[in-house]
Amino acid sequence: MLVAGGLLLTGPGTAAADNQEPDRAEDGCVALASEDSSEKYSEADKEAAEILNGELNDDMAGNMTGHHASCARAVVEATQEHGMDQRAATIAMATVIVETHLNNYTGGDRDSVGLFQQRDHYGSQEERNDPNWTTKAFLDELNFVYPGESWAGESMGEVAQDVQRSAYPDRYHYQVDDAEIIVDHFWG
């Protein structure tokens, strides 16, 4: 089922990746063709990863890298630029943890790419691998599915599922606590 402006089923967890080199060379949350992150992140991102590794409790606990921190920071900054609050950022962050464990993949299940593993009807691969663009697309879908910020009083895990429409709806809920910790760290 396709909803205008919506996401299609993309599946949970880390996306499948091919063996290509990263397709962008700028600093920060670069698009990666594998789980091996490049050295394209700042010292501040490395420091944030070290701090967060000691605070997280689920999938990302002990697994944060400078690359993951740069992607998390990008999601938070895009949410702020979009004029949305920390709760919206937490929903987006929980989604990214489930979909890619904070990796910005150039490939995935079928035609899914990027942090949110968005399908090709969402936009070009370049757009979906741009952390700012893809986060705003997720937030636009959030507002489409839950008009008038009606998502604000709902379970964050359920909201993430309603936006993503995953075949594994229970996975988002388990990442909310860590998503809150990550968002709190970068919200500043």
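Tabulated results
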| item | result |
| --- | --- |
| The stretch 78-108: number of residues that are out of contact with any Phe, Trp or Tyr (no Cβ under 9 Å at 6 or more places or on another chain), open to solvent by 10 Å² or more (accessible area, probe 1.4 Å) and farther than 23 Å from Asp170 by Cβ | 7 |
| Subset of the stretch 114-123 (residues that are touching a residue at least 60 places away in the same chain (Cβ under 8 Å), part of a loop (DSSP other than H, G, I, E, B) and touching a helix residue (DSSP H, G or I) at 6+ places or on another chain (Cβ under 8 Å)) | Gly114, Leu115, Phe116, Gln117 |
| Single condition Asp111 does not satisfy, out of (1) surrounded by fewer than 20 Cβ atoms within 10 Å (Cβ to Cβ); (2) part of a helix (DSSP H, G or I) | (2) |
| Close pairs (8 angstrom Cβ cut-off, 6 or more residues apart or separate chains): at negative phi and part of a helix (DSSP H, G or I) in the stretch 124-148, open to solvent by 60 Å² or more (accessible area, probe 1.4 Å) and hydrophobic (A, V, I, L, M, F, W, C) anywhere | Glu127/Trp133; Phe144/Ala4 |
| Check on Gly153, small (Gly, Ala, Ser), modelled with pLDDT of 95 or more, farther than 23 Å from Glu43 by Cα and open to solvent by 60 Å² or more (accessible area, probe 1.4 Å) | no |
| Residues of the stretch 28-69 satisfying the condition of being modelled with pLDDT under 75 and buried (at least 19 other Cβ atoms within 10 Å of the Cβ) | Gly28, Ala31, Leu32, Ser37 |
| Single match in Gln118, Gln125 (criterion: at pLDDT below 90 and buried (at least 24 other Cβ atoms within 10 Å of the Cβ)) | Gln118 |
| Filter result for Tyr168 (exposed (fewer than 14 other Cβ atoms within 10 Å of the Cβ) and in contact (Cβ under 8 Å) with a residue 60 or more places away in the chain) | yes |
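The values are calculated or read from the model by the stated rules, or taken from the named source; none is laboratory data. In this text the structure is predicted, and so the values were computed from the model without any measurement. Ideal geometry is used to build each Cβ from the backbone, glycine not excepted, and the neighbour counts take in all protein chains shown. Only protein heavy atoms, including side chains, enter the accessible area calculation; ligands, DNA and RNA are left aside. Shrake-Rupley method; radii C 1.70, N 1.55, O 1.52, S 1.80 Å.
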